[in-house]
Amino acid sequence: MTENINIKIVDNVKDMQALSNRIKKEGRIISFVPTMGALHEGHLSLMRVAKEKGDFLVVSIFVNPTQFGPNEDFNKYTRDLKGDIEKVSEIGVDVVFFPDVNEIYPEGFETYVEVQELQKPLCGQFRPGHFKGVTTVVLKLFNIVKPDIAVFGEKDYQQLLIIKKMVRDLHLEIEIIGMPIIREEDGLALSSRNAYLSHEDRARALALSQSLREIEKRFKEGNKNTNDLVQYGIEILNKSSITDIDYLEIRNGHTLESKKEAQPGDLVAIAARIGNTRLIDNTKL
Ligand code: AMP
């Protein structure tokens, strides 16, 4: 354990569990925000809510290898512990849990957890094994940090639904809170991956949120046909020469079932590559 700007950093499972056991014995509520670091205002917004809801706030920073595919950006993912600690210090985070990969996946590790149906569409289709890695690491982190409350962003909407389902299905006594997407002033959803974008690609990336706004507008005007709505969105993307689109879909906002006719509460979700950077965004109708 080390102290850093008054924030305790715990890097191993046993110490984190012992600390959480102690906090719980004192009757204090542990709130938790899991992250992969490279923190931005989106992450901080979750931490502020978690701080308010609990008595003891734990933030984890762990770039989880099992949720990255072989050709994805695990190695180049931004790691900046010092910058991250500076950012969380203004929130009043009590502990940063910062384990190393071998601590979470010791040799011989072979147990995984999967939410079978919800993980299939959208990102699950384009990132095989991604959600299995997410649910496995989140369950591990829950067993290490022992939170009463955990806060996640709607930015990763499918992930939020999957985690809520896992918590329900496995009878975990953890309240899951989902928080809205934090955006730049021009609409771009904050993401650690935005840092990869060149100046030109940053401008093109705006088309993601613009296509969602266009679909919302057409829906409000009375067009309910999901094929039409998606087509309007794709036109906006193509205008910015975004053609490498994994998906732009309208699905039920709870079950993720696909829809012919859109209704209020449906999810509009998009994943596309701008240059080499894969970005996601979504909105609810
Ligand atoms: P990550 O570090 O990308 O794994 O994200 C950690 C948490 O922050 C997840 O619950 C994300 O959904 C959430 N998050 C990421 N970006 C945003 C954003 N722009 N607004 C709100 N939450 C976000």
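The values are calculated or read from the model by the stated rules, or taken from the named source; none is laboratory data. Being a predicted model, the structure only gives us computed values, none of them experimental. Note that we place each Cβ from the backbone using ideal geometry, even for glycine, and neighbour counts take in every protein chain shown. Accessible surface areas use protein heavy atoms only, side chains included; no ligands, DNA or RNA. Shrake-Rupley method; radii C 1.70, N 1.55, O 1.52, S 1.80 Å.
For the stretch 2-179, the Kirkwood estimate of the hydrodynamic radius, built from every pair of different alpha carbons, is 16.5 Å. Across the stretch 191-196, rounded Karplus estimates of 3J(HN,Hα) from the backbone phi angles (6.51 cos²θ - 1.76 cosθ + 1.60, θ = phi - 60°) give 7, 4, 7, 4, 5, 6 Hz, Gly and Pro being marked x. Taking amide H as placed 1.01 Å from N in the peptide plane, the amide H of residue 262 sits under 5 Å from that of 225, 226, each at least 5 places away or on another chain. Residues 200, 184, 173, ordered by accessible area of protein heavy atoms at a 1.4 angstrom probe radius and largest first, appear as 173, 200, 184.
Taking amide hydrogens as placed 1.01 Å from N in the peptide plane, the amide H of residue 32 sits under 5 Å from those of 58, 149, 150, 151, each at least 5 positions away in sequence or on another chain.
Centre-to-centre separation between the Cα atoms of the stretch 154-185 and those of the stretch 91-129: 14 Å. Restricting the calculation to Cα atoms, the stretch 1-98 yields a radius of gyration followed by a Dmax of 13.9, 46 Å. Residue-wise HN-Hα couplings along the stretch 51-58, as the Karplus relation 6.51 cos²θ - 1.76 cosθ + 1.60 with θ = phi - 60° gives them from phi, are 4, 5, 7, x, 9, 9, 9, 10 Hz; Gly and Pro carry x. For residue 97, the residues 5 or more places off, or on other chains, whose built amide H falls under 5 Å of its own are 10, 59, 60, 61.
Excluding same-chain neighbours fewer than eight residues apart, the aspartates and glutamates reachable from residue 53 by a Cα-Cα span under 12 Å are 148, 175. Which links in 51/284; 164/217; 165/220; 220/284 stretch past 24 Å when you go from one Cα to the other? 51/284; 164/217; 165/220, as the Cα separations exceed 24 Å there.
Whole-Hz Karplus values for the stretch 24-32 come out as 5, 4, 6, x, 8, 8, 8, 10, 9 Hz, taken residue by residue from phi with 6.51 cos²θ - 1.76 cosθ + 1.60 and θ = phi - 60°; glycine and proline positions read x.
Restricting attention to the chain, close to 50% of DSSP beta bridges with both partner residues there are antiparallel. Applying D = kT/(6 pi eta Rh) to the stretch 192-284, where Rh is the Kirkwood radius over alpha-carbon pairs, T corresponds to 10 °C and eta to 1.306 mPa s, the Stokes-Einstein value obtained is 119 µm²/s.
How far is it, in nm, from the label point at residue 200 to the one at residue 216 when both lie 7 Å from their Cα along the line to the Cβ? For the pair residue 200/residue 216, the computed spacing is 3.0 nm.
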